[in-house]
Each structure stands twice: as structure tokens, then as C-alpha cells.
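See below for the structure under consideration.
Derivation of every value follows stated rules applied to the coordinates shown; laboratory data play no part. As the structure is a computational prediction, the values presented were derived from the model and not from experiment. Here the Cβ is made from the backbone with ideal geometry for all residues, glycine too, and neighbour counts use every protein chain on show.
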Amino acid sequence: MSAGVQLRSVREPFDVARERADYRRWLQEERSLEFGATFTNQQTGELESYAHWAPTALEAQEQLELELPACSLRHAIRRALAEKIERDVLPLCNGQWLHRYARLLRAARWSGAVGYAPAKGKNIVFWDQKAGLSRLCPDDAREEAMRLHRRVLDPLEALQADGHALHYMVFTTPNVGAGGLRAEMVRICKRFRGIFKAKNKDGELRFPQIRGALCVLEAPLGWARDWNVHLNVILVVKGYLPWEDVRAWWHFDIGGMRQLKQGPGVVKGALCELIKYAVAATVAKSADKAGESGDRPPPPPMLEWTGAELLEWLRAMRGFRRTRTYGCLFRLKRPEPEDLGQIIWLGRIDHDGAGYRLSSRLLNSIPEDKSSGVSAIERWQTLMRELKPHLLAGAGALGDGISRDVRHRLAHLSEIL
């Protein structure tokens, strides 16, 4: 096994299923380096050559290269947060859980396998290790948001199609000072839950038309260095809901009130707004927010919080359920894991300390003299011309190792290229 690939079982408790999956992936990666090697396409049942996927490898590399700067920034944020925890928080609290946070942030997403899922028509990055900290790691937060999307998007759109209205609102309470964060987080959730039991003067439900809700709590540090605890909410409503009554009942400010329209992407867009990163004030966002606050200073990004502030936030968030559902959205079934089908592993992604780099092992395995400075795709085009049926006899062992059907596909592809 190559030194650059580490099976998960080396880092985690022994798990036969995961070890087998890692081993199969590693075998396929190694096999793809043998230019001309074949495999069975599970979708079509046909025998194919890895050479057939060289253009896909090139396209995947080009697409991923566009994303590398943002990926590198998120990697830098992870490392900076790990350093901050070690430098500013651990002297105040030497808890093992804090050591674990720093260790996981440092070790996450240094390398992974790049592949293509033909059944889904999309690129896949299988990271060798993740942090598993959706409140601290921007990449984990993005994935957690996508999982929540898959869980609630279809039910919300189905309710809307069934005649329910979806109302977006931000429920706020007065900011609280140092030491009061966890208590206010508990208090605002309990207060909101009361909307389903609130009674009018006749003892009847005050808001019977509210059938369910999706809530996501956020608690960033405000510009005055107090805690801005609020709930981003989508209410599921059947019938007319007077917003002024909701405001009167809540007593404090409710911002961003609007009813979501029906149409492609509307609910999905609202969910993107609702489910913001847990690390809402990162290095990247602080620059964006600096010009939006007018005469008031912008809220400090997490990396500029004091050790005491970050420790309070970490303690408050630890074990706290940030996302909650009520009523008709309560206990929605978890969606089945996405079935990606067979994955054709095409290369690797690695961080060299300065940024991410892609290496397409399949493209690099294309024969020809690499010292000539000819690019991988140019070597591919040359090879395809040489592999045309009337020239195939001179291709030697490479041609002999590729099935007849695959050869015809490669020859056709060479004409396109």
C-alpha cells in the first residue's frame, strides 16, 4: 500500500465493513494507475478500460481546481481555530474535550481520493479524515447543512403543495452579557416552544393555524461583545396568520418576516438562509461584514474572540441541540444515505501546507515521454490517435489488454478530441 493512503482502521477502532470499503477503494486507485487495465461497469455490466475515463478525470480536475482557493481558505480556518483553542482556551480549561477539538481540527481533510460517480454524474471527494465538528469546521458545517436539506426540503415542499403556507421569521431576544449564553439559549428555545400551547382569553389555542416549525439557533458575539441569541424559523401555517399577533405574543423583535412563494428553488433558498454556518463569523466573513455596519463596529470574528468568550461559546454549544423541529415536522425520518453507485477513482487531492493540490493519477499514467513538457491531455490525444482500429496492432500489450468494445469507444473519443 502506498505511503500516502492511510486506511481509517489505522486511526479508528477496528470496523470490518469500513476497512473493507477502504481497501476496495485503495485497490481500485492502484489498479487505475495501470493504463489499459479493465474493470466491470456495475451499471452497464460492460467491461471497460480506465483509459475510457481519462477525459472525465480531466474534467473533474478542472472543476475541482476552481474550488481549491475556497477549500484552502476553509483549511486555514480549521488550523487557525485549533491554534486559538490551544493558545487562548486551554490555559483557562484543560479539558480533554478541548484537546480533542484542536487535534481533530488540525488533522482534518489533508488528503483524499477524487472519483466520479457515473450513476449521479458528479465528482466525489472521499477525505481520508474529517473533523466531525459541524460547529467549528466550515466544511463539516456545509455537509451538515446539506444533510438537513435532504431531510426537510421534500416535506416542506410537499406541505406547501398541499395548501400550507411557509413563513420565514427571525425570533430575537435582548442580547446577554458574559456568562449568560447557555441560559439564554435554553430560555429562547423554551419560549418559542410555547407558541404551540399559547392560549387566548377564552382558553383556546391562540395560533391553531401553526402546524409545525423548523428552528435553527444561532448565537454569535455581537459588536458590543455580548451574545446575540436568535432563532431562524420556518413556520408551517394552514390558513391566515396575523403577524402582528405573533409579534405581540413574542413581545421582543421578530425580523425578516415573509411568506415564501411557491416555485422551483424558493424553499431551498430559504433553507440556505436558515441553515447558516455554525462558524458564522469566520475570517472570510469578517471582511464582508466590515462595510455593512455603518458607524457601528462590525461583530468580531470568532478568531478575534477572547479565550474566555470562546470557552463560554464552546461550553454552551457542547451537547446543545441547535436544530429543532416541531409539530408536523417533528421526528421526520432520516433520509437514506445517498446511493452513489460505483465510483471510478481518478486521482488524489492533498494539502502541501500552503494549499490544496490535485494529482490525476489516471492522467499521469498515460504513456509517452513526460520530460517533453507535453500536457496529459495532449498525451491522451496522441495515444487515442495511435489506438485507432487500423493502428491498434502496433499498440503492443496496451492494445491487447483493452477489450474490443472499449477500443471502439476510445477510437470514437479520439475523433471527438
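Note on Val266 and Ala308: with the Förster distance fixed at 35 Å, the Cβ-Cβ geometry gives a FRET efficiency of about 0.25. Here region 207-224 is scanned for amide nitrogen atoms under 20 Å from the site 7 Å beyond the Cα of Met257 along Cα-to-Cβ, giving 207-216.
Once the Cβ-Cβ distance of Tyr240 and Arg334 is raised to the sixth power relative to R0 = 30 Å, the FRET efficiency obtained is 0.35. Put in line by how crowded their Cβ is, counting other Cβ atoms within 10 Å and starting with the fewest, Glu86, Glu62 read Glu62, Glu86.
Please work out whether region 173-275 counts as rounded, prolate or oblate from its C-alpha gyration tensor, where a ≥ b ≥ c are the square roots of the eigenvalues and a/c under 1.5 means rounded, while otherwise a/b larger than b/c means prolate and anything else oblate? The shape class here is oblate.
Label separation (Tyr23 vs Arg106): 3.2 nm, computed from points 7 Å beyond Cα along the C-beta direction. Counted residue by residue at 0.36 nm each, then reduced by the alpha carbon distance between them, the extension gain from Arg296 to Asp162 reaches 43.8 nm. Run through every distinct alpha carbon pair of region 138-327 and return the Kirkwood hydrodynamic radius in angstroms, one decimal place. About 17.8 Å for region 138-327.
Taking other C-beta atoms within 10 Å as the exposure proxy, Cys328, Cys272 rank Cys272, Cys328 from fewest upward. In terms of the mean number of neighbouring beta-carbon atoms within 10 Å, the peptides 109-118, 160-169 order highest first as 109-118, 160-169. Per-residue Cβ neighbour counts within 10 Å put Glu144, Glu157 in the sequence Glu157, Glu144, beginning with the fewest. What the Cβ-Cβ distance of Asp352 and Asn41 gives, at R0 = 35 Å and to the nearest 0.05, is a FRET efficiency of 0.55.
Spin-label model, Leu153 to Trp249: label points 7 Å out along the Cα-to-beta-carbon direction sit 3.0 nm apart. The relative contact order of region 138-327, computed from alpha carbon pairs under 8 Å that lie at least 6 residues apart in sequence, is 31 percent.
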